[in-house]
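S.K.: Have a look at the structure that comes next, please.
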Amino acid sequence: MTSKYIALPKGVSEKDFDAAISDFRKVLGDASVLTSAEQLAPYIKTMMPVSDAEHTPSAALLATTVEQIQKIVAICNQYKVPIWMISTGKNLGYGAAAPAERGQVVLDLKRMNRILEVDKDLAYALVEPGVTYQQLYDYIKEHKLGLWLSMPAPSAIAGPVGNTLDRGVGYTPYGEHFLFACGMEVVLANGEVLRTGMGSMPNSNTWQVFKWGYGPYLDGIFTQSNYGIVTKFGFWLMPEPPAFRPFVIQYQHEEDIVEIVETIRPLRISGVIPNAVVIAHALYEAPVKAKRSDYVSGPGSIPDEAVYQIMKDHKLGIWNVYAALYGTQEQIDVNWNIVTQAFGQSGKAKILTEQEAADDPAFAYRAKLMRGDMTLTEFSLYNWRGGGGSMWFAPVSQARGSETLKQMALTKQILAKYGLDYSGEFIVGMRDMHHIVDVLYDKTDPEQTKAAYQCFDELLTEFSARGYGIYRVNTAFMDKVAETYGPVQRSVHKTLKKALDPNGILAPGKSGIR
Amino acid sequence: MNETRRSLIKGMLTGGTLLAFGIPTVTQAVSLSQTFSGSTRNCQLLLGNTPLDEAFAKGAQTACTHYSSYRQGTLPTFKLEDELLTNPLRIVDLLMQSSNMRWIAIMDHGSAAIFTEMVRNFEGRLLSLGSHSSSSGTDASFPMRHMWTTATPVYSAGRLLASLLTQSQHDFFIVENFLGQAVVDSAMKDSSLAGFSSYRLTEQPATHLHCAGVSPLEASQLIGWRASEDWKSVLSQRDESSIDLDQAATGTTIEHLRFDNWIEATGYAVVATALGIGANQDSCSSRAFVYRSGHRYPDNHGLSGKHFVSFVIDV
């Protein structure tokens with residue numbers, strides 16, 4: 001029998017779903033309840049090596065107010081209809097806008113895109129979930145507020161709420177985004193509206209300036225979770241520094257990564273380099289300048305000789321270290337001396353200033369990201385191999401040189417086993433280090449798609465066995481990653497879920513929580 | 001403090017705002033409003049600055065010419081430079097000025113990732129999204145691959161493309177996944193194709209497979225479907241007196257069409273379907289055409305090892 005819906009929520013009859021849709025329409029109006037295949041198709045594209053059918057929504061709801069969301073959760077509770085919340089839905093490579101499970105209703109909050117407050121003096125913003133970085137960037141420029149944003153690589157089209165709630169990162173000194181979050185408004189599954197921290201206190205004006213409030217700190221449980229729907233979000237902005245000096249340091253040998261990280265760590269911890277330092281492998285940077293097919297054809301991962309040729313042709317290091325200094329000119333001059341002395345000691349580093357690297361498109365987009373400007377250049381990664389497959393593999397380690405080569409060797413070995421390339425970078429945080437690898441594959445090639453799935457699965461297995469936890473993952477592998485953090489944490493997550501969302505209507509499956 | 005309407009429009013990459021605030025979009029004057037099948041929808045070709053634009057556009061214009069040979073008209077074309085990666089606001093402006101417009105686009109995968117997001121933000125209707133690849137060397141067991149996600153079989157270009165590609169007798173497969181089934185059950189009548197044997201999966205009759213030169217078991221493995229021997233043969237109900245849909249529409253049999261390369265043929269099929277030619281009412285959720293002759297596509301045009309994405313969207 002042909003259904004009028006392209007999918008149905010698990011365990012919900014078409015009759016009950018009809019009733020739920022009818023009620024949604026009463027709340028939102030017909031035009032804001034999407035059920036046709038043509039309307040829902042843009043929500044379905046994922047880059048994961050699984051059938052998109054596994055992540056097909058049954059409907060999408062376009063809410064504009066908190067009151068509408070309260071009514072929506074009431075309907076969902078009545079009919080046991082699960083919803084998958086997205087703000088701008090730009091979690092590309094992590095599942096994008098598609099729900100974790102087939103048949104979930106997407107609650108799309110893009111129309112809730114009011115910038116509620118930007119305080120120039122205290123340097124904070126309060127926004128709704130649909131606000132994009134581009135929107136906020138333009139607002140700040142237009143009002144000459146002298147504030148900088150920190151955003152991930154999809155900058156313009158993504159937004160601060162979704163990125164921070166998924167614990168995404170950026171490239172300015174405010175790049176650890178959740179660290180700079182301050183105050184949320186959350187619609188709970190029972191329809192109550194919670195304001196976290198100082199937001200719960202009547203007449204307080206400190207919601208966006210004091211994070212902790214009184215009692216247990218709750219904001220964290222609304223990140224990478226499905227315990228509530230964040231409808232307002234506060235975060236701190238960086239005052240525009242008087243001076244800014246981005247730079248790149250190139251190294252020619254893979255084993256130099258040990259020295260690089262050992263050099264960076266004290267500079268990061270002491271604050272000499274205040275932003276997360278990216279150490280990008282040549283193959284991570286190459287797509288800005290070249291395509292894989294320019295250098296290699298046939299099966300298997302790209303050979304070292306081709307990588308060296310790419311480095312030569314496009315003036316890349318095997319490692320390309322991107323960082324910046326911020327502050328007054330005097331501060332920058334002092335810190336520049338410290339940085340150049342530290343990196344110059346071994347004689348292996350080639351330090352390039354902004355002027356020397358000005359014509360390099362890879363440097364140009366990195367410099368933009370480090371000063372909070374809009375750029376989408378990193379999307380050229382998807383053209384490296386072509387075919388539309390991408391999964392971010394993101395294990396975390398200590399920021400030590402000794403953690404690098406063994407991770408890289410293991411990653412390359414597993415990727416090579418499946419014929420895939422190492423498009424990786426290390427990002428040195430305050431004390432941690434992210435190892436970010438874009439597992440790129442051709443989704444039109446069934447063999448390669450199958451290989452990519454097995455490869456990613458093996459990467460997760462092998463890294464977790466060695467104690468490298470994955471900090472963020474696509475929806476196809478959320479359960480597996482949740483499992484690697486052990487039964488007690490999973491049990492606590494489940495206990496919280498049952499307490500806050502007994503009917504399991506909010507994004508079941510998010511981070512493996514049901 | 002509420003944001004001003006102006007900054008909303010200027011900064012926004014989320015088109016829903018326009019609808020929410022009731023701001024009318026700008027209608028672009030395009031001369032094709034009465035051209036296609038009496039439709040009032042305008043059509044434009046959007047070339048996304050790929051090395052394959054020219055070939056795709058050539059096929060697209062051929063389709064337009066054939067279809068409109070008795071109506072006059074060519075497909076207006078908008079060429080992007082590098083805006084999607086460097087200046088996405090330009091595309092926002094373009095989409096904002098589109099009203100009642102059907103865009104047929106070709107892009108690389110980097111741009112397509114962004115464009116897909118924009119289509120959703122503008123609450124556009126995505127009729128079909130195709131990913132097209134031709135591997136060089138021995139990269140893949142099947143060097144030429146087309147995978148479509150299509151709203152319904154009505155917007156399916158697969159059968160038409162299959163009929164075009166068989167003429168060159170090079171290996172290919174086409175897989176189509178339909179989000180919504182067409183309401184007409186025509187027992188595969190419309191999708192059968194000369195030279196192909198047709199099957200449906202016994203336990204999932206909405207899964208259709210058309211094979212030439214390969215068994216259904218092997219074909220299902222090659223295209224990444226669950227290997228099954230449980231395929232039920234469907235006798236082709238296409239008799240020679242029935243006229244190909246495109247023939248009916250254009251007066252041109254596909255046998256008389258010749259394309260320089262597979263990209264041109266793809267452009268033809270995508271645009272022809274977007275214009276209403278060759279559409280079928282095959283009631284299925286998934287469909288594939290697998291053609292194996294043992295001949296790989298020659299790389300003498302420099303067109304192997306290439307990938308691109310095609311879109312048909314209504315905004």
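S.K.: What lysines could a cross-link reach from A:LYS15, if we take a straight Cα to Cα line under 28 Å and drop same-chain neighbours fewer than 8 places away?
M.R.: Straight-line reach from A:LYS15, under 28 Å: A:LYS4, A:LYS26, A:LYS45, A:LYS71, A:LYS80, A:LYS497, A:LYS498, A:LYS510.
S.K.: For the range A:14-111, give the share of DSSP beta bridges that are antiparallel, in percent and rounded to the nearest 5; count only bridges with both residues there.
M.R.: Restricted to the range A:14-111, the bridges split so that about 20 percent are antiparallel.
S.K.: Please list, or write none, the aspartates and glutamates whose alpha carbon is within less than 12 Å of the alpha carbon of A:LYS110, excluding same-chain residues fewer than 8 places away.
M.R.: Answer for A:LYS110, where 12 Å is the Cα cut-off: A:GLU128, B:GLU117, B:GLU123, listed by chain and number.
S.K.: Sticking with this structure for a sec: Taking 0.36 nm per residue of separation and subtracting the Cα-Cα distance, what length does fully extending A:ASP457 through A:LYS80 add?
M.R.: Details: separation 377, 0.36 × 377 = 135.72 nm, distance 3.18 nm.
Working it through step by step, the gained length comes to 132.5 nm.
S.K.: Moving on to the next point. Cα-based Rg (one decimal) and Dmax (whole number) for the range A:342-382, in Å?
M.R.: Expressed in Å, the Cα Rg and Dmax of the range A:342-382 come to 12.9, 37.
S.K.: Residue by residue through A:293-306, how many Cβ atoms from other chains fall within 10 Å of the Cβ on average?
M.R.: That works out to 2 on average.
S.K.: Now, a different point. Roughly speaking, what is the stretch gain from A:LYS120 to A:ALA409, that is 0.36 nm per residue apart minus the C-alpha to C-alpha distance, in nm to one decimal?
M.R.: Stretched out fully, the A:LYS120 to A:ALA409 stretch lengthens by 99.4 nm.
S.K.: Also: Using only atoms on other chains, find how many Cβ atoms lie within 10 Å of each Cβ of peptide A:133-141 and report the average.
M.R.: Across A:133-141, the average partner-chain Cβ count within 10 Å equals 5.
S.K.: Please arrange A:ASP438, A:ASP23, A:ASP359 by how many other C-beta atoms lie within 10 Å of their C-beta, fewest to most.
M.R.: Values: A:ASP438 23, A:ASP23 19, A:ASP359 9.
Least to most surrounded, the residues fall as A:ASP359, A:ASP23, A:ASP438.
S.K.: So for the pair A:GLN329, A:SER36, with labels modelled 7 Å out along Cα→Cβ, what separation do we get in nm?
M.R.: In this crude spin-label approximation the distance works out to 6.1 nm.
S.K.: Residue by residue through the range A:440-454, which ³J(HN,Hα) values in whole Hz follow from phi under the Karplus form 6.51 cos²θ - 1.76 cosθ + 1.60 (θ = phi - 60°), with glycine and proline marked x?
M.R.: Taking θ as phi minus 60°, the curve returns 9, 8, 8, 6, 7, 9, x, 5, 5, 5, 5, 5, 5, 4, 5 Hz for the range A:440-454.
S.K.: Modelling each spin label as a point 7 Å along the Cα-to-Cβ direction, I'd like the A:THR206/A:THR65 distance in nm, to one decimal.
M.R.: For A:THR206 paired with A:THR65, the spin-label model returns 3.2 nm.
S.K.: Which lysines does B:LYS58 reach when only Cα atoms under 20 Å apart count, and residues fewer than 8 places away in its own chain are ignored?
M.R.: Straight-distance partners of B:LYS58: B:LYS79, B:LYS306.
S.K.: Go through the range A:119-132 residue by residue and turn each phi into a ³J(HN,Hα) via Karplus (6.51, -1.76, 1.60, θ = phi - 60°); whole Hz please, and just put x for glycine and proline.
M.R.: So the J values, rounded to whole Hz, are 9, 5, 6, 8, 6, 9, 9, 10, 9, 8, x, x, 5, 9.
S.K.: On a full-extension model of 0.36 nm per residue, what is the gain between A:THR495 and A:GLU483, subtracting their alpha-carbon distance, rounded to one decimal in nm?
M.R.: Details: separation 12, 0.36 × 12 = 4.32 nm, distance 1.56 nm.
Here the answer is 2.8 nm.
S.K.: What FRET efficiency, computed as 1/(1 + (r/R0)^6) with R0 = 22 Å and r the Cβ-Cβ distance, is obtained for B:THR86 and A:THR353, rounded to the nearest 0.05?
M.R.: The calculated FRET efficiency here is 0.40.
S.K.: Further, regarding this structure: Once the other residues with Cβ under 10 Å from the Cβ of B:THR50 are scored (Lys, Arg +1; Asp, Glu -1), what is the net sum?
M.R.: Residues close to B:THR50 contribute a combined charge of -2.
S.K.: Go through the range B:49-66 residue by residue and turn each phi into a ³J(HN,Hα) via Karplus (6.51, -1.76, 1.60, θ = phi - 60°); whole Hz please, and just put x for glycine and proline.
M.R.: 6, 9, x, 9, 3, 4, 5, 4, 5, 4, x, 4, 5, 4, 4, 5, 5, 4
S.K.: Counting only helical runs of four or more DSSP H residues, what would the 222 nm mean residue ellipticity of the protein assembly as shown come to if each run contributes -39,500 (n - 2.57) and the total is spread over all its residues?
M.R.: When only DSSP H runs of four or more count, the value is -8500 deg cm²/dmol.
Every number here is computed from the coordinates shown, using simple stated rules; none is lab data. Bear in mind the structure is a predicted one, so any value in this text is a computation, not a measurement. Glycine also receives a Cβ, built like all others from the backbone with ideal geometry; neighbour counts cover every protein chain displayed.
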